[in-house]
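Report on the following structure.
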Amino acid sequence: MTDGNFLIQAHQLTRIYPMGRTDVIGINRLDLEIAPGELVVIKGNSGSGKSTLLSLLAGLDRPTGGGLTVAGVDLAAATESLLTRYRRSVIGMVFQNFNLLPTLTVMENACLPALLAGTAYEQVAGKAVDLLRWLGLEHRKDHLPSQLSGGELQRTAIARALINQPQIILADEPTGNLDSRNGKAVVELLAGLNRDRQRTVIIATHSNLADPHATCMIHLKDGEIAGRA
Ligand SMILES: Nc1ncnc2c1ncn2[C@@H]1O[C@H](COP(=O)(O)OP(=O)(O)OP(=O)(O)O)[C@@H](O)[C@H]1O
Ligand SMILES: [Mg+2]
């Protein structure tokens with residue numbers, strides 16, 4: 001059953017990794033509802049299921065049980081082609097290790113998801129330049145990832161995450177490879193997207209940098225919600 005007021009609805013959501021004779025629990029019978037416009041911070045020890053949950057929400061992985069509906073898309077039942085379209089249009093992802101393509105420039109990395117979605121380069125380029133300017137990266141647009149600082153790499157990844165104007169930004173330990181100044185800057189950017197551009201932002205992290213911006217804190221333990229505040 002889905003409720004139109006929620007952007008994300010998980011019901012008994014489960015992701016078990018079968019490993020030979022034993023099963024490893026990623027996410028276990030998790031019930032979760034998130035309204036549009038929230039900034040959710042997910043905490044929990046290493047192995048508690050944070051990345052597993054983000055992968056499921058991103059449509060990069062599928063549940064092994066239960067239901068998950070995001071932005072009206074039933075992710076447990078979606079076909080591969082629907083999942084691909086969902087990943088490109090609904091979700092923007094930011095990772096700890098940036099995941100940029102090393103042979104593409106900042107500009108090309110930022111444009112890539114829109115080009116893959118079939119948008120013409122002329123249309124994408126203007127939007128990408130606007131984003132890079134907003135992120136203070138305009139002067140780096142023709143540089144390769146190997147020529148950038150950590151903060152610049154993560155801001156490039158944020159440009160890439162935003163190019164298709166996704167409703168939801170998922171960030172998996174986005175400040176894990178950054179010093180505290182750059183970490184704070186990245187969190188401020190994510191918080192600004194939530195506050196000023198009404199994006200729903202979900203951040204899985206060990207750090208406390210995003211806590212002051214959270215509208216909701218979720219604590220995971222062994223793939224289950226141990227607390228919500
Ligand atoms: N592809 C996989 N195959 C098997 N087990 C996996 C796989 N991915 C994750 N797991 C297991 O699922 C559990 C949850 O892992 P997950 O990566 O979601 O934790 P996490 O909270 O993100 O941890 P960290 O804080 O270290 O990033 C762990 O026990 C992990 O070993
Ligand atoms: Mg993780």
Out of (1) within 16 Å of ligand 2 (Cβ to nearest atom); (2) in a loop (DSSP other than H, G, I, E, B), the one Leu101 does not meet is (1)
Scan the range 128-147 for residues that are closer than 11 Å to Glu108 by Cα and either within 16 Å of ligand 2 (Cβ to nearest atom) or acidic (Asp, Glu) (or both) and jot them down. Asp142
Looking at the range 140-155, I want the residues that are farther than 13 Å from Gly183 by Cβ and at pLDDT 95 or above and have a partner that is of a type in the set (Gly, Ala, Ser) and assigned to a loop (DSSP other than H, G, I, E, B) with Cβ atoms under 9 Å, at least 6 apart or on another chain. Which pairs are those? Glu152/Gly136
For the structure I just gave you, tell me whether Gly150 is among the small types (Gly, Ala, Ser) and more than 16 Å from ligand 2 (Cβ to nearest atom). yes
Any pair with Cβ under 7 angstrom, 6 or more apart, that starts in the range 111-122 at a residue that is free of Cβ contacts under 8 Å to residues at least 12 places away in the same chain and ends at one that is of a type in the set (A, V, I, L, M): Leu115/Val124; Tyr121/Leu115
Enumerate the strands (runs of 3 or more DSSP E) found wholly within the range 1-85, keeping only those where 3 or more residues are without any contact (Cβ under 8 Å) to a residue 24 or more places away in the chain and near ligand 1 (Cβ under 9 Å from one of its atoms). 8-19
Return the only residue of Asp74, Asp61 being within 16 Å of ligand 2 (Cβ to nearest atom) and either touching a Phe, Trp or Tyr at 6+ places or on another chain (Cβ under 9 Å) or more than 22 Å from His143 (Cα to Cα) (or both). Asp61
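One line per residue, one yes/no per condition, for (1) more than 17 Å from Ile34 (Cα to Cα); (2) within 15 Å of ligand 1 (Cβ to nearest atom); (3) in contact with a Cys (Cβ under 6 Å, 6 or more places away or on another chain):
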position	(1), (2), (3)
Ser180	yes, no, no
Ala185	yes, no, no
Thr200	no, no, no
Lys221	yes, yes, no
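Within the range 32-48, how many residues turn out to be farther than 14 Å from Ala171 by Cα and within 16 Å of ligand 2 (Cβ to nearest atom)?
The total comes to 5.
The values are calculated or read from the model by the stated rules, or taken from the named source; none is laboratory data. Only a predicted model underlies this, so the values are computations on that prediction, with no experimental measurement involved. Every residue, glycine as well, gets a Cβ built from its backbone with ideal geometry; the counts of neighbours run over all protein chains shown.
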